[in-house]
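Before we start, here is the structure in question, set down as structure tokens.
The values are calculated or read from the model by the stated rules, or taken from the named source; none is laboratory data. Every value quoted in this text rests on a predicted model; they were computed, and no experiment measured them. Note that each Cβ is placed from the backbone with ideal geometry, even for glycine, and that neighbours are counted across all protein chains shown.
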Amino acid sequence: MSVHKEIKRVTTHVLAEMKLRGEKISMLTSYDYSMAKLVDQAGIDVILVGDSAANVMAGHETTLPITLDQMIYHGKSVVKAVTRCLVVVDMPFGTYQGNSLEALNSAIKIMKITHADAVKLEGGSEVIESVQRILSAGIPVMGHLGLMPQSINRYGTYVVRAKEADEADKLMKDAKLLEEAGCFAIVLEKIPASLGARVAKELKIPIIGIGAGGSVDGQVLVIHDMLGLTQEFSPRFLRRYANLASEIKGAVGNYIDDVKSGDFPNEKEQYD
Ligand code: KIV
């Protein structure tokens, strides 16, 4: 039975309980105040202020160019809008990989200025020192394994990850490492459903999938994709729940026609 509507404030503890009782966790990205307000009011469990903002908000080809200050700007706007869901802010590329002290300082800056609930970062053993140091400051960390878009230049392609046994083994080891370090959840992106199921079964913390099958503990999508605002991106894992691109183009087209014809504004839409 779903009890998610009765929860006044979603915490990392609430997410752990949801996994225990088999209630799926819903997560979507948002990057601005108006969208986050609607998403929170609709009853989402977690908003991820994803570094996918680099793609859908700024038009970059990859997530790499977004800066810490830009992520903080998006995070702050989202936190202002929500009253119920947990807010997680992505740590951008270059702010946590090389040096755990720099990682800690980046995470502290995110938490101090945005007032978000947690941070997310990509990677396993390579970033475990950063994860441990951030956790030691009392900042909840969500991991991210499988397809890690910040490593696109190493992969060279956005194809499904961990199909081969050695990569799947490494992913499983990394997931356990992140759990042992104290991460409260892990995102698994674009991996075989059987591997997603195995990780969710073997780990106690919630596993949130995006293209990781239906047997994980929750799902996340980029809001622009699921609302049909992005048109060119159609991976197999994406379900579109609206076609806002055509709604918006239709409304803007009608507005243009009304302005050109002089129909807008009418007498009631102006002042005496
Ligand atoms: O940045 C993002 O939107 C993400 C999701 C794809 C999980 O990391």
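Out of L178, L188, report the one residue that is within 27 Å of S30 (Cβ to Cβ), within 16 Å of the ligand (Cβ to nearest atom) and outside any helix (DSSP H, G or I).
When all the criteria are applied, what remains is L188.
I'd like the residue in region 22-73 that is in contact with a helix residue (DSSP H, G or I) (Cβ under 7 Å, 6 or more places away or on another chain) and aromatic (F, W, Y) and, out of all such residues, is nearest to V119 (Cα to Cα).
Per the stated criteria, the residue is Y31.
Please find, among L15, L28, the residue that is within 23 Å of Y73 (Cα to Cα), buried (at least 16 other Cβ atoms within 10 Å of the Cβ) and either at pLDDT 95 or above or within 17 Å of the chain's Cα centre (by Cα) (or both).
Details: L15 fails: within 23 Å of Y73 (Cα to Cα).
That would be L28, the only listed residue that is within 23 Å of Y73 (Cα to Cα), buried (at least 16 other Cβ atoms within 10 Å of the Cβ) and either at pLDDT 95 or above or within 17 Å of the chain's Cα centre (by Cα) (or both).
Looking at region 51-92 only, could you name the residues that are away from the ligand (no atom under 11 Å from the Cβ) and crowded, with 24+ Cβ neighbours inside 10 Å?
G75, V78, C85, L86
Something else about it: Quick test of your reading of the structure: A168 fulfils all but one of (1) under 20 Å from the mean Cα position of the chain (by Cα); (2) part of a helix (DSSP H, G or I); (3) buried (at least 18 other Cβ atoms within 10 Å of the Cβ). Name the failing condition by number.
(1)
Moving on. Looking for something within 16 Å of the ligand (Cβ to nearest atom), in contact with a Pro (Cβ under 6 Å, 6 or more places away or on another chain), assigned by TED's automatic domain parsing to the domain that holds A58 and in contact (Cβ under 8 Å) with a residue 40 or more places away in the chain - is there at least one such residue anywhere in region 191-214?
No, the conditions are met nowhere in region 191-214.
From the list V10, V82, pick out the single residue that is in contact with a Cys (Cβ under 9 Å, 6 or more places away or on another chain), β-branched (V, I, T) and more than 21 Å from G228 (Cβ to Cβ).
Selected residue: V10, the only one of V10, V82 that is in contact with a Cys (Cβ under 9 Å, 6 or more places away or on another chain), β-branched (V, I, T) and more than 21 Å from G228 (Cβ to Cβ).
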